[in-house]
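**Q** My questions all concern the structure below.
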Amino acid sequence: MTNNNTNDTKILDLNQTMNDFIVGLMKQTMERLMQEELSNVLQYEKYSYDGHGTGNSRNGSYARDYETRYGTIHDLKIPRDRNNEFNQQLIPPYARRDDWLENLIIRMYASGVSTREIACIIEKLYGNSYSAATISNITDVAIDEVDKWHKRDLKKRYSIIYIDALHVKLRRTTVDSDAVYFILGIDEDGYREVIDFFIGTNESSYVWEENLHT
């Protein structure tokens, strides 16, 4: 009986670790994309001088919470401009959207996703709001963020490696239930880190074998 409870606790802990990871990844990505939105509105980069004579500039940010199926994103920083002309288009001003936003971000970062697929995701997020040039700029930022995440430095040693999958509904042309496969490392100090993740149509030993050999 004790062993069963211990196993249940481990499963819950792993699931919470994965959920926390997704929430953190979403917050980082959403804040970066909104900063790029504002850069395109102001036509200059963060911390640079407003030399275009618009009389407008950055004006810090305000924080709000955003509910997702994986947990609450606390203190999401939404940038502001001094002339109050900027209305970010990534998330609605008061209520959360359906879970398609978080699902698109998950798909954007999954291993094996091409730059073309990332461009399609950004188009879905912003296509009705901005010009083609702005969409291209935001896409470049998204590709850079994804690339940095996959090339980040990992620890040289992990005491334990867990592999597991969560089943989520990811929107394409239809809504399908996919398995998001996580590779989770635990170092000698007990720190947990999601090393990588990828998406499969269903959980199977074949999918694990195929991806763990790449």
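The values are calculated or read from the model by the stated rules, or taken from the named source; none is laboratory data. No experiment lies behind these values; they were computed from the predicted model shown. Neighbour counts run over all protein chains shown; Cβ positions are idealised from the backbone, glycine included. Quick note on the areas: whole protein, heavy atoms, side chains included, nothing else; ligands and nucleic acids left out. Shrake-Rupley method; radii C 1.70, N 1.55, O 1.52, S 1.80 Å.
**Q** Glu117: acidic (Asp, Glu), closer than 30 Å to Tyr191 by Cα and either in contact with a Lys or Arg (Cβ under 9 Å, 6 or more places away or on another chain) or modelled with pLDDT of 95 or more (or both), yes or no?
**A** When the stated conditions are applied, Glu117 does not pass them.
**Q** While we're looking at this one, here's another question. Name the single residue, out of those in segment 1-25 being modelled with pLDDT of 90 or more and closer than 17 Å to Asp164 by Cα, that is least open to solvent (accessible area, probe 1.4 Å).
**A** Ile22
**Q** Just checking, which of Ser39, Ser57 is in contact with a Lys or Arg (Cβ under 9 Å, 6 or more places away or on another chain) and modelled with pLDDT of 90 or more?
**A** Criteria check complete, one pass: Ser39.
**Q** Which condition number in (1) within 19 Å of Tyr130 (Cα to Cα); (2) open to solvent by 20 Å² or more (accessible area, probe 1.4 Å); (3) at pLDDT 95 or above; (4) of a type outside the set (Gly, Ala, Ser) is the one that Gln28 fails?
**A** Condition (1) is where Gln28 drops out.
**Q** A further question on this structure: For segment 159-214, what are the residues that are at pLDDT below 75 and in a strand (DSSP E or B)?
**A** His167, Val168, Lys169, Leu170, Arg171, Val175, Asp176, Ser177, Asp178, Gly200
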